[in-house]
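See below for the structure under consideration.
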Amino acid sequence: MERKDFLYEGKAKRIFTTTDPNLVLVDYKDDATAQNGLKKGQIANKGVLNNKISTFFFQLLAQHGIESHFVEMISEREMLVKKLDILQIEVVSRNIAAGSLAKRLGLPEGTKMSRPILEFYYKDDELGDPMINEYHIYALELATAEQVKQISTVALQVNDILTKYLRQRDLLLVDFKLEFGLHQGRVLLGDEISPDTCRFWDANTMEKLDKDRFRRDLGGVEEAYLEIYNRLTGGQPLDEDAK
(Lines give C-alpha, C1' and ligand atoms only; values in the text may rest on other atoms or scores of the structure.)
Protein backbone atom coordinates (compact mmCIF):
# COMPACT_ATOMS: atom_id res chain seq x y z
CA MET A 1 0.00 0.00 0.00
CA GLU A 2 1.50 3.33 -1.09
CA ARG A 3 1.98 6.12 1.46
CA LYS A 4 0.57 9.40 0.17
CA ASP A 5 -0.22 12.64 1.97
CA PHE A 6 0.66 13.55 5.53
CA LEU A 7 -2.55 13.71 7.55
CA TYR A 8 -1.78 14.20 11.23
CA GLU A 9 1.01 13.98 13.80
CA GLY A 10 0.41 13.01 17.42
CA LYS A 11 2.74 12.50 20.37
CA ALA A 12 3.85 9.04 19.30
CA LYS A 13 2.68 8.51 15.72
CA ARG A 14 2.36 10.12 12.30
CA ILE A 15 -0.65 9.34 10.10
CA PHE A 16 -0.64 9.30 6.29
CA THR A 17 -3.30 8.76 3.67
CA THR A 18 -2.98 5.87 1.23
CA THR A 19 -4.29 5.00 -2.21
CA ASP A 20 -7.33 3.52 -0.46
CA PRO A 21 -9.55 6.23 1.11
CA ASN A 22 -10.70 3.75 3.78
CA LEU A 23 -7.17 2.95 4.97
CA VAL A 24 -4.41 5.04 6.55
CA LEU A 25 -0.79 4.34 7.37
CA VAL A 26 0.48 4.77 10.94
CA ASP A 27 4.19 5.54 11.36
CA TYR A 28 5.37 4.92 14.95
CA LYS A 29 7.90 7.42 16.34
CA ASP A 30 10.59 7.13 19.02
CA ASP A 31 9.32 10.29 20.73
CA ALA A 32 8.13 9.96 24.32
CA THR A 33 6.04 12.39 26.37
CA ALA A 34 4.68 12.43 29.92
CA GLN A 35 2.96 14.80 32.32
CA ASN A 36 0.54 15.96 29.62
CA GLY A 37 3.39 16.75 27.25
CA LEU A 38 5.52 18.71 29.74
CA LYS A 39 8.19 16.02 29.81
CA LYS A 40 9.65 15.04 26.45
CA GLY A 41 12.35 12.71 25.24
CA GLN A 42 13.17 9.84 22.94
CA ILE A 43 13.38 6.11 23.57
CA ALA A 44 15.62 4.18 21.19
CA ASN A 45 13.63 1.77 18.99
CA LYS A 46 10.36 2.65 20.74
CA GLY A 47 8.57 3.10 17.42
CA VAL A 48 9.71 -0.29 16.17
CA LEU A 49 8.84 -2.05 19.43
CA ASN A 50 5.42 -0.41 19.84
CA ASN A 51 4.50 -1.18 16.24
CA LYS A 52 5.36 -4.85 16.69
CA ILE A 53 3.89 -5.19 20.17
CA SER A 54 0.64 -3.55 19.04
CA THR A 55 0.54 -5.82 15.99
CA PHE A 56 0.93 -8.84 18.27
CA PHE A 57 -1.89 -7.73 20.56
CA PHE A 58 -4.30 -6.80 17.76
CA GLN A 59 -3.73 -10.20 16.14
CA LEU A 60 -4.22 -11.95 19.48
CA LEU A 61 -7.49 -10.09 20.08
CA ALA A 62 -8.69 -10.89 16.55
CA GLN A 63 -8.25 -14.57 17.35
CA HIS A 64 -10.73 -14.01 20.19
CA GLY A 65 -13.24 -12.17 18.01
CA ILE A 66 -12.29 -8.59 18.96
CA GLU A 67 -12.31 -6.38 15.87
CA SER A 68 -9.92 -3.45 15.59
CA HIS A 69 -8.65 -1.02 13.00
CA PHE A 70 -5.56 -3.20 12.41
CA VAL A 71 -5.03 -4.50 8.86
CA GLU A 72 -1.36 -5.45 8.69
CA MET A 73 2.15 -4.43 9.68
CA ILE A 74 3.92 -3.31 6.53
CA SER A 75 7.35 -2.34 7.88
CA GLU A 76 9.19 -2.17 11.18
CA ARG A 77 7.61 1.19 12.00
CA GLU A 78 4.51 1.22 9.82
CA MET A 79 1.08 -0.28 10.31
CA LEU A 80 -1.83 -0.21 7.87
CA VAL A 81 -5.16 0.43 9.60
CA LYS A 82 -8.77 1.20 8.80
CA LYS A 83 -9.50 4.90 8.87
CA LEU A 84 -11.50 5.80 11.97
CA ASP A 85 -13.48 8.80 13.08
CA ILE A 86 -12.07 8.73 16.60
CA LEU A 87 -14.50 9.01 19.49
CA GLN A 88 -13.20 11.68 21.85
CA ILE A 89 -13.22 9.27 24.78
CA GLU A 90 -10.33 7.37 26.30
CA VAL A 91 -11.27 4.22 28.20
CA VAL A 92 -9.00 3.07 31.02
CA SER A 93 -9.31 -0.37 32.57
CA ARG A 94 -7.64 -0.85 35.96
CA ASN A 95 -6.87 -4.10 37.77
CA ILE A 96 -4.26 -2.94 40.28
CA ALA A 97 -3.94 0.48 41.94
CA ALA A 98 -1.20 2.56 40.34
CA GLY A 99 -0.71 6.07 39.00
CA SER A 100 -3.63 8.45 39.36
CA LEU A 101 -5.97 5.81 40.84
CA ALA A 102 -3.65 5.19 43.78
CA LYS A 103 -3.35 8.95 44.38
CA ARG A 104 -7.06 9.71 44.05
CA LEU A 105 -8.23 6.93 46.34
CA GLY A 106 -5.29 6.94 48.75
CA LEU A 107 -4.44 3.34 47.99
CA PRO A 108 -0.96 1.85 48.27
CA GLU A 109 0.40 1.24 44.79
CA GLY A 110 -0.02 -2.44 44.01
CA THR A 111 -3.39 -2.86 45.74
CA LYS A 112 -5.34 -5.44 43.73
CA MET A 113 -8.89 -4.46 42.84
CA SER A 114 -11.65 -7.00 43.57
CA ARG A 115 -12.92 -6.43 40.02
CA PRO A 116 -11.77 -4.39 37.00
CA ILE A 117 -12.52 -0.65 37.10
CA LEU A 118 -13.48 1.23 33.94
CA GLU A 119 -12.89 4.98 33.72
CA PHE A 120 -13.65 7.43 30.93
CA TYR A 121 -11.53 10.46 30.01
CA TYR A 122 -12.31 13.34 27.68
CA LYS A 123 -9.72 13.16 24.88
CA ASP A 124 -8.49 16.77 24.83
CA ASP A 125 -4.78 17.56 25.24
CA GLU A 126 -5.38 21.22 26.07
CA LEU A 127 -7.57 20.22 29.03
CA GLY A 128 -5.23 17.45 30.13
CA ASP A 129 -7.67 14.65 29.25
CA PRO A 130 -9.94 15.10 32.31
CA MET A 131 -11.88 12.19 33.77
CA ILE A 132 -15.58 12.20 32.87
CA ASN A 133 -18.58 9.95 33.44
CA GLU A 134 -21.41 8.77 31.22
CA TYR A 135 -23.51 11.86 31.97
CA HIS A 136 -20.72 14.07 30.60
CA ILE A 137 -20.41 11.84 27.54
CA TYR A 138 -24.11 12.16 26.72
CA ALA A 139 -24.31 15.88 27.52
CA LEU A 140 -21.29 16.63 25.31
CA GLU A 141 -22.58 14.20 22.66
CA LEU A 142 -19.26 12.39 22.56
CA ALA A 143 -20.95 9.02 22.02
CA THR A 144 -24.39 7.42 22.17
CA ALA A 145 -25.56 5.14 24.96
CA GLU A 146 -25.24 2.16 22.62
CA GLN A 147 -21.67 3.14 21.69
CA VAL A 148 -20.72 3.53 25.36
CA LYS A 149 -22.16 0.09 26.03
CA GLN A 150 -20.16 -1.35 23.12
CA ILE A 151 -16.83 0.17 24.13
CA SER A 152 -17.34 -0.79 27.77
CA THR A 153 -18.10 -4.40 26.82
CA VAL A 154 -15.09 -4.60 24.49
CA ALA A 155 -12.78 -2.96 27.05
CA LEU A 156 -13.68 -5.57 29.65
CA GLN A 157 -13.29 -8.37 27.12
CA VAL A 158 -9.85 -7.05 26.12
CA ASN A 159 -8.92 -6.83 29.79
CA ASP A 160 -9.90 -10.44 30.39
CA ILE A 161 -8.10 -11.78 27.29
CA LEU A 162 -4.87 -9.86 27.87
CA THR A 163 -4.76 -10.42 31.64
CA LYS A 164 -4.95 -14.21 31.21
CA TYR A 165 -2.50 -14.26 28.30
CA LEU A 166 0.09 -12.07 30.02
CA ARG A 167 -0.13 -13.98 33.30
CA GLN A 168 1.13 -17.04 31.42
CA ARG A 169 4.23 -14.98 30.61
CA ASP A 170 4.75 -13.87 34.21
CA LEU A 171 3.37 -10.41 33.50
CA LEU A 172 0.67 -8.48 35.36
CA LEU A 173 -1.61 -6.17 33.39
CA VAL A 174 -1.96 -3.37 35.92
CA ASP A 175 -4.02 -1.02 33.76
CA PHE A 176 -4.31 0.16 30.17
CA LYS A 177 -5.88 2.80 27.92
CA LEU A 178 -7.98 2.08 24.85
CA GLU A 179 -9.38 4.32 22.14
CA PHE A 180 -12.24 3.60 19.77
CA GLY A 181 -13.55 5.07 16.55
CA LEU A 182 -16.16 4.66 13.85
CA HIS A 183 -15.36 2.93 10.58
CA GLN A 184 -18.23 2.96 8.10
CA GLY A 185 -20.58 3.41 11.04
CA ARG A 186 -19.17 0.56 13.14
CA VAL A 187 -17.36 0.98 16.46
CA LEU A 188 -13.84 -0.48 16.28
CA LEU A 189 -10.92 -0.62 18.68
CA GLY A 190 -8.17 1.75 17.51
CA ASP A 191 -4.91 3.45 18.50
CA GLU A 192 -2.28 1.05 19.93
CA ILE A 193 -1.71 -1.45 22.74
CA SER A 194 1.86 -1.12 23.95
CA PRO A 195 4.04 -0.18 26.94
CA ASP A 196 3.09 3.42 26.10
CA THR A 197 -0.58 2.76 26.84
CA CYS A 198 -0.40 -0.09 29.37
CA ARG A 199 1.22 -0.70 32.73
CA PHE A 200 3.00 -4.06 32.75
CA TRP A 201 4.69 -5.43 35.88
CA ASP A 202 6.80 -8.53 36.27
CA ALA A 203 4.56 -10.94 38.19
CA ASN A 204 7.39 -12.10 40.45
CA THR A 205 9.47 -9.00 41.11
CA MET A 206 6.83 -6.27 40.47
CA GLU A 207 9.40 -4.53 38.27
CA LYS A 208 7.80 -1.92 36.02
CA LEU A 209 8.13 -2.77 32.32
CA ASP A 210 6.38 0.17 30.69
CA LYS A 211 6.37 3.94 30.19
CA ASP A 212 6.43 4.55 33.95
CA ARG A 213 10.17 4.00 33.71
CA PHE A 214 10.29 7.16 31.56
CA ARG A 215 7.70 9.07 33.61
CA ARG A 216 9.52 8.41 36.89
CA ASP A 217 13.13 8.57 35.61
CA LEU A 218 13.75 4.95 36.59
CA GLY A 219 16.08 4.26 33.68
CA GLY A 220 16.15 1.13 31.56
CA VAL A 221 13.22 2.27 29.45
CA GLU A 222 14.27 0.69 26.15
CA GLU A 223 15.20 -2.51 28.00
CA ALA A 224 11.72 -2.67 29.55
CA TYR A 225 9.97 -2.28 26.20
CA LEU A 226 12.27 -4.92 24.71
CA GLU A 227 11.52 -7.27 27.61
CA ILE A 228 7.79 -7.05 26.85
CA TYR A 229 8.47 -7.75 23.18
CA ASN A 230 10.66 -10.73 24.05
CA ARG A 231 8.11 -12.27 26.39
CA LEU A 232 5.40 -11.96 23.78
CA THR A 233 7.42 -13.28 20.86
CA GLY A 234 9.86 -15.61 22.56
CA GLY A 235 12.79 -13.34 21.69
CA GLN A 236 12.26 -13.18 17.93
CA PRO A 237 14.90 -10.79 16.50
CA LEU A 238 13.56 -7.29 15.90
CA ASP A 239 14.93 -7.10 12.36
CA GLU A 240 13.60 -10.41 11.04
CA ASP A 241 9.84 -10.40 11.52
CA ALA A 242 8.62 -7.34 9.63
CA LYS A 243 6.43 -8.27 6.68
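Among the residues of the stretch 54-81, write down those that are in contact with an Asp or Glu (Cβ under 7 Å, 6 or more places away or on another chain) and not in a loop (DSSP other than H, G, I, E, B). So that I can check it myself, show each step before the final result.
So the first thing to find is which residues in the stretch 54-81 are in contact with an Asp or Glu (Cβ under 7 Å, 6 or more places away or on another chain), and the list is 54, 77-78, 80.
Within the stretch 54-81, 54, 78, 80 qualify.
Only a single criterion out of (1) free of Cβ contacts under 8 Å to residues at least 24 places away in the same chain; (2) in the same structural domain as residue 214 (by TED's automatic domain parsing); (3) touching a strand residue (DSSP E or B) at 6+ places or on another chain (Cβ under 7 Å) is not satisfied by residue 90, namely (1). Among the residues of the stretch 1-23, the one identified as without any contact (Cβ under 8 Å) to a residue 12 or more places away in the chain and assigned to a loop (DSSP other than H, G, I, E, B) is 10.
With respect to the conditions (1) over 15 Å from the mean Cα position of the chain (by Cα); (2) modelled with pLDDT of 95 or more; (3) closer than 29 Å to residue 144 by Cβ, residue 7 falls short on a single one, namely (2). Listed by first and then second residue, the pairs linking a residue in the stretch 57-83 that is of a type in the set (Phe, Trp, Tyr) to a residue that is outside any strand (DSSP E or B) and at pLDDT below 95, with Cβ atoms under 6 Å apart and 6 or more places separating them unless they lie on different chains, form an empty list.
Considered as a group, the residues in the stretch 3-54 that are aromatic (Phe, Trp, Tyr) and out of contact with any helix residue (DSSP H, G or I) (no Cβ under 9 Å at 6 or more places or on another chain) include one that is nearest to residue 215 (Cα to Cα), and that residue is 8.
Of all residues in the stretch 155-172, which are of a type in the set (A, V, I, L, M, F, W, C) and under 20 Å from residue 51 (Cβ atoms)? Walk me through how you get there before you give the answer.
Pass one, the stretch 155-172, residues of a type in the set (A, V, I, L, M, F, W, C): 155-156, 158, 161-162, 166, 171-172.
Passing the criteria: 158, 162, 166, 171.
Quick one: what pairs do we get from the stretch 205-225, first residue closer than 14 Å to residue 39 by Cα and in the same structural domain as residue 99 (by TED's automatic domain parsing), second of a type in the set (Val, Ile, Thr) and in a helix (DSSP H, G or I), C-beta under 8 Å, 6+ apart or different chains? Qualifying pairs under 8 Å: 211/221; 213/221; 214/221.
Could you check the stretch 82-119 and list, in sequence order, the residues that are more than 20 Å from the chain's Cα centre (by Cα), charged (D, E, K, R) and assigned to a strand (DSSP E or B)? Correct list: 112, 115.
Report whether or not residue 28 is of a type in the set (Ser, Thr, Tyr) and exposed (fewer than 13 other Cβ atoms within 10 Å of the Cβ). Outline the logic, then answer.
On the way: of a type in the set (Ser, Thr, Tyr): yes; exposed (fewer than 13 other Cβ atoms within 10 Å of the Cβ): no.
For residue 28, the condition - of a type in the set (Ser, Thr, Tyr) and exposed (fewer than 13 other Cβ atoms within 10 Å of the Cβ) - is not met.
Against the condition part of a helix (DSSP H, G or I) and out of contact with any Lys or Arg (no Cβ under 6 Å at 6 or more places or on another chain), how does residue 50 come out, does it pass?
On the way: part of a helix (DSSP H, G or I): yes; out of contact with any Lys or Arg (no Cβ under 6 Å at 6 or more places or on another chain): yes.
Against the criterion (part of a helix (DSSP H, G or I) and out of contact with any Lys or Arg (no Cβ under 6 Å at 6 or more places or on another chain)), residue 50 qualifies.
The values are calculated or read from the model by the stated rules, or taken from the named source; none is laboratory data. Just so you know, these numbers come straight off a predicted model, no measurement behind them. We place every Cβ from the backbone using ideal geometry, glycine too, and count neighbours over all the protein chains shown.
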